[in-house]
1. Mind listing whichever residues of region 75-112 are free of Cβ contacts under 8 Å to residues at least 12 places away in the same chain and under 15 Å from the mean Cα position of the chain (by Cα)?
2. For the structure I just gave you, tell me whether residue 89 is farther than 17 Å from residue 102 by Cβ and in contact with a strand residue (DSSP E or B) (Cβ under 8 Å, 6 or more places away or on another chain).
3. Scan region 132-143 and tell me whether some residue there is within 20 Å of residue 22 (Cβ to Cβ), part of a helix (DSSP H, G or I) and out of contact with any helix residue (DSSP H, G or I) (no Cβ under 7 Å at 6 or more places or on another chain).
4. What pairs come out if I take residues in region 19-34 that are over 11 Å from residue 47 (Cα atoms) and outside the structural domain of residue 87 (by TED's automatic domain parsing) and pair them with residues that are modelled with pLDDT of 90 or more and not in a loop (DSSP other than H, G, I, E, B) whose C-beta lies under 7 Å away, six or more apart or interchain?
5. Out of 129, 105, report the one residue that is farther than 30 Å from residue 69 by Cα and modelled with pLDDT of 90 or more.
C-alpha cells in the first residue's frame, strides 16, 4: 500500500505505509547530554510538530482517538509534540522522532482485543476444596483439644 490510502482505510496496520511528511513540521535546537563541545555548537535535538486537527489524511474518528489517547503529547494549541535528542546526529534524531510518531499513532488506532470469559477448571476446584478441607480439619483439631480438658 502507498500514501494514496483513503482516510477510512487508515488503521494501526497501515499507518507506517502512509506518508505524513507533508504535514509534519520539524524544529531543531541544542541538545543536552553527551558530546562535549560538540553539544554546544550543533543543534541536534529534533522537535516534531503535527497539527492533527487540520490533517487531511486523518478522518474525524481518528482525530478523536488521538485527542483521547495521546493527550499527554498534545499542547494547548492542539498540536501533537514529540522530541528526540538521544543521538549526536540531527538526522538520527529526526528518524527517531518520526519512528516514535508512527509508534504512537499505531498505539492510538489499535483496537483492544475483547476478553473471552472462561470458567475455572476442574483442577482449580479440586485444589480449592482440598484447602478448605484441610483448613476445616485444623479447626476441628483445635476444638477437640479444648473439649478434652
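1. 99, 103, 112
2. On the way: farther than 17 Å from residue 102 by Cβ: yes; in contact with a strand residue (DSSP E or B) (Cβ under 8 Å, 6 or more places away or on another chain): no.
Against the criterion (farther than 17 Å from residue 102 by Cβ and in contact with a strand residue (DSSP E or B) (Cβ under 8 Å, 6 or more places away or on another chain)), residue 89 does not qualify.
3. From region 132-143, those within 20 Å of residue 22 (Cβ to Cβ) are none; that's our starting set.
No; the residues of region 132-143 include none that is within 20 Å of residue 22 (Cβ to Cβ), part of a helix (DSSP H, G or I) and out of contact with any helix residue (DSSP H, G or I) (no Cβ under 7 Å at 6 or more places or on another chain).
4. Correct list of pairs: empty, since none qualify.
5. Values: 105 fails: farther than 30 Å from residue 69 by Cα.
Only one candidate passes the filter, namely 129.
The values are calculated or read from the model by the stated rules, or taken from the named source; none is laboratory data. These numbers were taken from a predicted model, which means no experiment stands behind them. Positions of Cβ are backbone-derived with ideal geometry, glycine not excepted, and every protein chain shown enters the neighbour counts.
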